[in-house]
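Participant: This is the structure I want to talk about, given as C-alpha cells.
The values are calculated or read from the model by the stated rules, or taken from the named source; none is laboratory data. As the structure is a prediction and not an experimental result, all values here were calculated from the model. Every residue, glycine among them, receives a Cβ derived from its backbone with ideal geometry; neighbour counts consider all protein chains shown.
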Amino acid sequence: MLIQFLFILVAIIIGARMQGIGLGVMGGLGLAILVFGFGLEPTSPPIDVMLMIVAVIAAAGCMQAAGGLDLMVSLAEKFLRKHPQRITLFAPMVTYLFTFVAGTGHVAYSVLPVIAEVAHETKIRPERPLSIAVIASQQAITASPISAATVALLSMLTGFNVSLLDILMITIPATLAGVLVGALVSMRLGKELHEDPEYLKRLENGEFSNHSLAEKGDYKLRSKAGLSVLIFILATVLIILFGSVESLRNISGKEINMPVIIEILMLSAAALILLTTKTNGIKAAQGSVFVAGMQAVVAIFGIAWMGDTFINGNMEQLRTSIEGVVRSMPWIFGVALFVMSILLYSQAATVRALMPLGITLGISPWMLIALFPTVNGYFFLPNYPTVVAAINFDRTGTTRIGRWVLNHSFMLPGLVATIAAVCVGLLIITVMGV
C-alpha cells in the first residue's frame, strides 16, 4: 500500500507543477499504474460530479460572455471607492460574493486590480486587502451552492438525509466568520505603506508617476448583462430550493436526484442567457470561467478516479491503521483534508479523493461538513493562479513571497480564516446537537 501511495503522491506533485489539465492527466497515469501495475480493480469514474460541474460552468461562461461579470465588477468598484478606508474589510466580502454566485474563485481576477488601486490611492498597504480577498474567494467555494466542491460533497452525503440547505446552514456562517476574522488579522499585516522599504524604493524610482496601480477596466456594459446575472442567480436560488424541499424533487411519483436537477437547471440557465442576450456560444466557451472550469473537470476525472481506486483497493488496511485515531479525534481528518488540498490544488478533487474515506471510517456527516473548509489549503504554497495574480497586481511590492517561500502574504490570513471557519462550524453542529 505504501508503494502505491508513493506513486500517487508523485503523480499529484508532477501534475500540479504541469498546471492546466496536467493534474488530471497525471491522475490518469497514476490510475494506469494502480490498475495494470498493482492489479487494483478500477472504480467507476465520478460522472455525476463531472456533469454537474460542466453544467454550472456552461451557465457561468454564458453569463461572463453576456457581460454579467463585467457588470458585477463595475458595481464592486463603485462600492469599494465609496468606502476606501474600509477596503480591508469590504474587499474580501466582494470576492466572497463573486465566488458564491459564480461557483468559482477565478472570478476574483476581475476585481483584484480594483482592490490594489483603491488601496494605493487611499495609502493603505495593498497587501492587507489583497491577501484576505484571495483567501475569501477560496473560502466561498465551500459555501457556494453551485461550486464543484459543494456539489461533490452533497452527492456523497445524500444517503445520510443531508440536504443542500443543511450544508449551507453550516458552511455559509462558518466561512463568513472565518473571512471576517482573517480580515481583522490582515489589517495588522506589515508596516504602513509609507514605511515599507520596497514601496519607498519603487516610489523613488518613479514607478508610479505616469500610471496608476491598475488599469481601469472597460465597463461599457451591454444592456442585457444584468439579465444574464439575474437568470444565473435565479437558477442558483432554484437549486437551493429544490435541494431544501424534498417534495419539489418528487416528479410523477419518482424522486429526482439533486445532481440531475442541478444539471437541468444550469443547462437551462445557460440556454436562456444565450437566447435572451443573443450571446455567441463560442465566446462563452472561450472565456476564463469556462476554461478554468473545464480544467477542474479534467482534474476531478483523473485525480478522483485514481483516489477512489486506491482507497477502494486498500480499504481494509486503511481502516485498520487509522480508524481508531480518527474515531477518537475526528478533527485529525480535517488536517488530512488540508494537506491533500495543498497537493491537489482543487477543493472538489480533494473532496472526491478523501471524503469517501471519512464516510467509510464512520465520521459523522455533520462533522465532515464542519471540516469542509479545510479543503481550502492551496494558498499554503504561493503558486496558485489567484495568489500569483494578486502579487502581480500589487505594483507597490507589499504583496509578496517571502525569502523562505512559505512566509508569504497569504499564509497568516489563510490559516486564520480556515481555522476560524472550522471552529465556528464545529460550534454550529454542537449547538444543533447533531
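Participant: Going through the stretch 236-264 one residue at a time, which ones are within 21 Å of the chain's Cα centre (by Cα) and more than 16 Å from Leu168 (Cβ to Cβ)?
Facilitator: Listed by number, the residues that qualify are Pro259, Glu263.
Participant: If you check Leu89 against the conditions, is it modelled with pLDDT of 80 or more and touching an Asp or Glu at 6+ places or on another chain (Cβ under 9 Å)? Outline the logic, then answer.
Facilitator: Numbers: modelled with pLDDT of 80 or more: yes; touching an Asp or Glu at 6+ places or on another chain (Cβ under 9 Å): no.
Judged against the criteria, Leu89 is not a match.
Participant: May I ask you to list the residues in the stretch 372-411 that are modelled with pLDDT of 85 or more and out of contact with any Ser or Thr (no Cβ under 8 Å at 6 or more places or on another chain)?
Facilitator: Phe379, Phe380, Thr396, Gly397, His408, Met411
Participant: For the subset of the stretch 393-415 comprising residues that are of a type in the set (D, E, K, R) and over 17 Å from Gly206 (Cα atoms), which member is surrounded by the most Cβ atoms within 10 Å (Cβ to Cβ)?
Facilitator: Initial filter on the stretch 393-415 (of a type in the set (D, E, K, R)): 394-395, 400, 403.
Going one step further and asking which of them are over 17 Å from Gly206 (Cα atoms), we end up with 400, 403.
Values: Arg400: 16, Arg403: 6.
Across the stretch 393-415, the extreme among qualifying residues is Arg400.
Participant: Further question on the same structure: Report, by residue number, each residue of the stretch 363-381 that is more than 21 Å from Leu165 (Cα to Cα) and surrounded by fewer than 22 Cβ atoms within 10 Å (Cβ to Cβ).
Facilitator: Taking the stretch 363-381 and keeping what is more than 21 Å from Leu165 (Cα to Cα), we get 377-381.
Hits for the stretch 363-381 are Phe380, Leu381.
Participant: Let me ask you something else. Going by the structure shown, is Thr95 more than 18 Å from Ala270 (Cα to Cα) and either at pLDDT below 90 or not small (Gly, Ala, Ser) (or both)? Even if it seems obvious, please write down each step before you answer.
Facilitator: On the way: more than 18 Å from Ala270 (Cα to Cα): yes; either at pLDDT below 90 or not small (Gly, Ala, Ser) (or both): yes.
It is true that Thr95 is more than 18 Å from Ala270 (Cα to Cα) and either at pLDDT below 90 or not small (Gly, Ala, Ser) (or both).
Residues checked against (1) modelled with pLDDT of 80 or more; (2) over 23 Å from Leu153 (Cα atoms); (3) out of contact with any Phe, Trp or Tyr (no Cβ under 7 Å at 6 or more places or on another chain):
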| site | (1), (2), (3) |
| --- | --- |
| Ser252 | yes, yes, yes |
| Ala270 | yes, yes, yes |
| Met294 | yes, no, yes |
| Asp308 | no, no, yes |
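Participant: I need every pair where a residue in the stretch 320-334 that is modelled with pLDDT under 70 has its Cβ under 6 Å from the Cβ of a residue that is surrounded by 12 or more Cβ atoms within 10 Å (Cβ to Cβ) and outside any helix (DSSP H, G or I), sequence separation at least 6 or different chains.
Facilitator: Close Cβ pairs satisfying both conditions: Glu323/Leu361.
Participant: Do we find that Gly27 is within 30 Å of Leu275 (Cβ to Cβ) and part of a helix (DSSP H, G or I) in this structure? Please lay out each step first, then the result.
Facilitator: Values: within 30 Å of Leu275 (Cβ to Cβ): no; part of a helix (DSSP H, G or I): yes.
No.
Participant: Still on this structure, I have one more. Taking the stretch 119-136 as the region of interest, how many residues are over 19 Å from Pro382 (Cβ atoms) and either in a helix (DSSP H, G or I) or among the basic types (Lys, Arg) (or both)?
Facilitator: First pass over the stretch 119-136, keeping only residues over 19 Å from Pro382 (Cβ atoms): 119-124.
Next, from what is left, pick out any that are either in a helix (DSSP H, G or I) or among the basic types (Lys, Arg) (or both): 119-121, 123.
Within the stretch 119-136, residues that are over 19 Å from Pro382 (Cβ atoms) and either in a helix (DSSP H, G or I) or among the basic types (Lys, Arg) (or both) number 4.
Participant: Ok, one more. Output the residues belonging to the stretch 119-142 that are among the basic types (Lys, Arg) and either surrounded by fewer than 24 Cβ atoms within 10 Å (Cβ to Cβ) or within 14 Å of Asp70 (Cα to Cα) (or both).
Facilitator: Start the filter on the stretch 119-142 by keeping residues that are among the basic types (Lys, Arg), which leaves 123, 125, 128.
The answer is Lys123, and nothing else.
Participant: Of the residues Thr150, Thr158, Thr142, Thr175, only one is at pLDDT below 85, within 24 Å of Thr430 (Cα to Cα) and within 25 Å of the chain's Cα centre (by Cα); which? Talk me through it step by step, then tell me what you get.
Facilitator: Working: Thr150 fails: at pLDDT below 85; Thr142 fails: at pLDDT below 85; Thr175 fails: at pLDDT below 85.
So the residue among Thr150, Thr158, Thr142, Thr175 that is at pLDDT below 85, within 24 Å of Thr430 (Cα to Cα) and within 25 Å of the chain's Cα centre (by Cα) is Thr158.
Participant: Something else now. Give the residues of the stretch 327-362 that are over 17 Å from the mean Cα position of the chain (by Cα) and either of a type in the set (Asp, Glu) or surrounded by fewer than 18 Cβ atoms within 10 Å (Cβ to Cβ) (or both), sorted by residue number.
Facilitator: Quick first cut of the stretch 327-362, residues over 17 Å from the mean Cα position of the chain (by Cα) only: 327-333, 335-336, 356-362.
Hits for the stretch 327-362 are Arg327, Ser328, Met329, Trp331, Ile332, Val335, Ala336, Ile359, Thr360, Gly362.
Participant: Oh, and also: Name the residues in the stretch 200-225 that are under 31 Å from the mean Cα position of the chain (by Cα), surrounded by 14 or more Cβ atoms within 10 Å (Cβ to Cβ) and either at pLDDT below 85 or under 22 Å from Phe90 (Cβ atoms) (or both), would you? If you could, list the steps in order and put the result at the bottom.
Facilitator: So the first thing to find is which residues in the stretch 200-225 are under 31 Å from the mean Cα position of the chain (by Cα), and the list is 212-225.
Going one step further and asking which of them are surrounded by 14 or more Cβ atoms within 10 Å (Cβ to Cβ), we end up with 213-214, 217, 219, 221-222, 224-225.
Across the stretch 200-225, the qualifying residues are Leu213, Ala214, Gly217, Tyr219, Leu221, Arg222, Lys224.
Participant: Something else now. Which one is modelled with the lowest pLDDT among residues in the stretch 161-172 that are surrounded by fewer than 19 Cβ atoms within 10 Å (Cβ to Cβ) and assigned to a helix (DSSP H, G or I)?
Facilitator: Ranking the qualifying residues of the stretch 161-172, first place goes to Leu165.
Participant: Within the stretch 35-49, can you find the residues that are of a type in the set (A, V, I, L, M), surrounded by fewer than 24 Cβ atoms within 10 Å (Cβ to Cβ) and not in a loop (DSSP other than H, G, I, E, B)? Can you show your working first?
Facilitator: Taking the stretch 35-49 first, the residues of a type in the set (A, V, I, L, M) are 35, 40, 47, 49.
In the following step, the residues that additionally are surrounded by fewer than 24 Cβ atoms within 10 Å (Cβ to Cβ) were identified as 35, 40, 47.
Selection gives Val35, Ile47.
Participant: Let me ask something else about it. Residues that are part of a helix (DSSP H, G or I), surrounded by 24 or more Cβ atoms within 10 Å (Cβ to Cβ), out of contact with any helix residue (DSSP H, G or I) (no Cβ under 6 Å at 6 or more places or on another chain) and in contact (Cβ under 8 Å) with a residue 60 or more places away in the chain: does the stretch 96-118 have at least one?
Facilitator: no
Participant: Say whether the condition of being touching an Asp or Glu at 6+ places or on another chain (Cβ under 8 Å), closer than 29 Å to Glu263 by Cβ and either among the aliphatic types (A, V, I, L, M) or free of Cβ contacts under 8 Å to residues at least 40 places away in the same chain (or both) is met by at least one residue in the stretch 55-70.
Facilitator: The answer is yes; a qualifying residue exists.
Participant: Okay, next question. I'd like the full set of residues that are aromatic (Phe, Trp, Tyr) and either within 15 Å of Pro46 (Cα to Cα) or part of a helix (DSSP H, G or I) (or both), limited to the stretch 329-360.
Facilitator: To start, the set of residues in the stretch 329-360 that are aromatic (Phe, Trp, Tyr) comprises 331, 333, 338, 345.
Matches in the stretch 329-360: Trp331, Phe333, Phe338.
Participant: Restricting the stretch 9-20 to residues that are aliphatic (A, V, I, L, M) and surrounded by 18 or more Cβ atoms within 10 Å (Cβ to Cβ), which is farthest from Met266 (Cα to Cα)?
Facilitator: Going through the stretch 9-20, the residues aliphatic (A, V, I, L, M) turn out to be 9-14, 16, 18.
Then keep just the ones that are surrounded by 18 or more Cβ atoms within 10 Å (Cβ to Cβ); that gives 11-12, 16.
On the way: Ala11: 33, Ile12: 31, Ala16: 29 Å.
Out of the qualifying residues, it is Ala11.
Participant: Still on this structure, I have one more. Against the condition closer than 27 Å to Glu121 by Cβ, modelled with pLDDT under 85 and not aromatic (Phe, Trp, Tyr), how does Met72 come out, does it pass? Explain how you work it out, then say what you get.
Facilitator: Numbers: closer than 27 Å to Glu121 by Cβ: yes; modelled with pLDDT under 85: yes; not aromatic (Phe, Trp, Tyr): yes.
Judged against the criteria, Met72 is a match.
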